[in-house]
Amino acid sequence: MAELNLTANGTEQERILAYLQENASDVLTEKINNGTPIEKDGKTLINKKTLDTFMKFAEEEVLKLIAKNERKGRQVRCIEDATVFGWAIHYFEEESIEGKLYNQDGTEYEPPKPVKKTTKPATPVVPYTPPTPKPKPQMSLFDLIDEQNKTEEKPAAVVEETDEDDEQPTPEEIQEILAEVAEQEKKERQEPKKGSPMYQHYMNIQAKYPDSIIAYRLGDFYEVFGDNAVTIAKELDLTLTGRDCGLDERVPMIGFPYHAADVYFAKMAQRGHKIAVAEDETNVRLIESDDKRLIDIETGEVLSDVPPAAEPETDILAREREIAKAFDKDALIKLSDLLGEIFTLG
């Protein structure tokens, strides 16, 4: 049993702690006891979670569940323990969910306070006053003669040397360049994002098994993404959430604990789905939709396998004849007379 560094306040938290201690894997135990790194405000912090922070998370999940059922015209009267325990595993497993943040030295992290911008008083605008022109000095007779000579001189023609190779593009060439730039920008905008490495692995498996629902193992959960997640959430009444997979929008997702996975796989198979269970991108096993196990739809309990069909009567008689050939015929007739007609002899 895992030793978890968690403190329970109250009966409810004690039950959740007992479940986590019994079911947490080594990876999850490490996350709970030592926290996980998280990037925030340009710093690498330690994200630690407690049972108190989980209770706040659970309250939010309850409100979501109530709102979901109200949209369907139903009321939530109670929530099963298995659902709450599933929330607990998901809360402590998912690294993107924030609990309490600590600095690397173990002190509690305090976000930076917003800096108030101080506005400088506006500088008064002084109207522009042009300078007063100075009076021109009175020209002498010699100055007048020099000025007249300057006006009579014709300036020499200035010939600018041009580089034949430095020619400006024509308007038609400019239009072609602009059209190429616009086409390149259009291609970049239309090129779809591939998503995170995990999501690319998931889609590679989906491409290999296009007619199957892919259940991908992530830590202590199996997760289903995309339209299949929407379908299974409706059929099995699971909570539909979303995951950031590196695309423009969050991808629809459902998840269920690995230790209860066989129940969910059986329910999906009973509804005619094929399931490809992927431990990673190369380790995949198939569960066909003709799985005939008997499932309690309300509780998900696997009751039993369907009993084999009764053996046809003609096959039973033929087998009896084969057995009878191994015995003495006269002895069998006498035995049949004593015990009644219990043999059919060929």
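Here, each number is a calculation from the coordinates, and none is a lab measurement. Computed from a predicted model, the values in this text were never measured in an experiment. Note: ideal-geometry Cβ built from the backbone for every residue, glycine included; neighbour counts use all protein chains shown.
Structure above, values below:
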{"item": "Options ILE32, ASN69, THR83, ranked by Cα towards positive dipole end of the range 25-87, top entry (Cβ charges)", "result": "ASN69"}
{"item": "Efficiency of FRET between LEU218 and ASN69 - r from beta-carbon atoms, R0 25 angstrom, step 0.05", "result": "0.35"}
{"item": "Summed residue charge, Cβ within 14 Å of LEU17's Cβ, Lys/Arg positive, Asp/Glu negative", "result": "-4"}
{"item": "Separation between Cα centres of the range 18-91 and the range 203-281, rounded to whole Å", "result": "19"}
{"item": "Extension gain from SER196 to THR83, taking 0.36 nm per residue of separation minus the Cα-Cα distance", "result": "37.8 nm"}
{"item": "Charge dipole (debye, nearest 20) of the range 7-119; +1 at Cβ of Lys and Arg, -1 at Cβ of Asp and Glu", "result": "720"}
{"item": "Fully extended contour minus Cα-Cα distance, from GLU180 to ASP237, at 0.36 nm per residue", "result": "15.4 nm"}
{"item": "Per residue Cα convex hull volume in Å³ - calculated over the range 236-286", "result": "112"}
{"item": "Net length gained if the chain between ASP280 and LYS56 were fully extended (0.36 nm per residue, minus Cα distance)", "result": "77.4 nm"}
